[in-house]
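Only the coordinates and a few stated rules stand behind these numbers; no lab work does. Keep in mind the model is a prediction, meaning the values are calculated, not measured. We place every Cβ from the backbone using ideal geometry, glycine too, and count neighbours over all the protein chains shown.
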Amino acid sequence: MGKSAMLADSTAQQIMKMIESENRFSVGDKLPNENDLANELGVSRSTLREAIKILTTNGILEIKRGKGTFVTSNMVVDSAGLSDIASGLDDLFEMRLMFEPDCAYLAAKRATEEEIEAICYYGEEIEKKIRSGEDRTFEEQKFHESIANATHNSFVKQFMPIIFNAIKKGVVVLTKDKDVSEDNLNDDRLIMEFIKKRNADGARTAMRLHILHAIEHL
């Protein structure tokens with residue numbers, strides 16, 4: 001993974017921290033102007049733009065022309081309780097089961113070496129977050145997005161907001177289950193290994209098992 005991409009991801013995570021743990025910004029708040037925020041984060045304006053693009057793709061920020069960049073309502077999970085959050089997950093994960101295994105299959109066949117490097121980078125970042133007990137939503141989303149991008153199918157990106165929503169809600173519901181975390185680690189390793197070996201059938205099966213494990217724990 002290139003240094004510029006890693007810096008953009010690191011910057012995106014800093015902005016996430018400002019929103020989630022530092023409570024600098026709430027839903028509907030406008031981010032500071034580009035120059036001020038770039039200076040505060042110690043990055044170039046181009047790196048900041050890439051970070052904002054990542055968070056916009058993930059549904060966390062929204063750019064309003066002529067007005068600025070705002071935190072979206074998707075950033076906050078409803079406080080109605082885990083049972084309410086989980087109520088729609090069956091359908092979301094069923095949709096993932098229909099969609100993502102074939103993405104993994106195509107990624108194993110079509111991914112460039114740089115794309116495989118990105119997939120493995122985010123898989124390793126997920127493991128670090130699981131081991132340290134930190135929230136891994138961002139890394140999970142980037143892992144699955146990297147696989148989807150590696151399909152080189154121009155329509156796949158249109159499905160990613162649904163996948164991101166399922167991942168975000170799934171992490172909230174399942175993150176405290178140690179068995180889930182262990183399955184997550186093993187499944188991700190298998191997916192990465194098959195994609196690295198360009199074993200398309202293996203990658204598809206590993207992704208299918210990954211989602212089935214999550215459904216089982218739900």
Please check: in the Gaussian network model of the chain (C-alpha springs, under 10 Å), which one of ALA104, ALA38, ALA166 has the largest mean-square fluctuation.
ALA38
Within straight cross-link reach of LYS197, meaning Cα distance under 16 Å, which lysines are found once same-chain residues fewer than 8 apart are removed?
LYS109
In whole Hz, with x marking every Gly and Pro, tabulate ³J(HN,Hα) for the range 114-129 from phi via Karplus 6.51 cos²θ - 1.76 cosθ + 1.60, θ = phi - 60°.
5, 5, 5, 4, 5, 4, 5, 4, 6, x, 5, 5, 4, 4, 4, 5
Using the Kirkwood radius over Cα pairs of the range 3-75, the Stokes-Einstein translational diffusion coefficient at 25 °C and 0.890 mPa s, in µm²/s and rounded to a whole number, is 204 µm²/s
Under the √(5λ) rule applied to the eigenvalues of the Cα gyration tensor, what semi-axes describe the equivalent ellipsoid of the chain? Give them in Å, descending.
28, 21, 16
Sort out the exposed loop GluC sites (Glu not before Pro) in the chain (DSSP loop, at most 14 other Cβ within 10 Å) and tell me the longest stretch that has none.
23-133
By how many degrees, between 0 and 90 and to the nearest 10, does the Cα long axis of helix 137-149 differ from the longest principal axis of the chain?
70 degrees
Qualifying trypsin sites (Lys or Arg not before Pro) for the range 91-187 [loop in DSSP, other Cβ within 10 Å: at most 15]:
LYS176
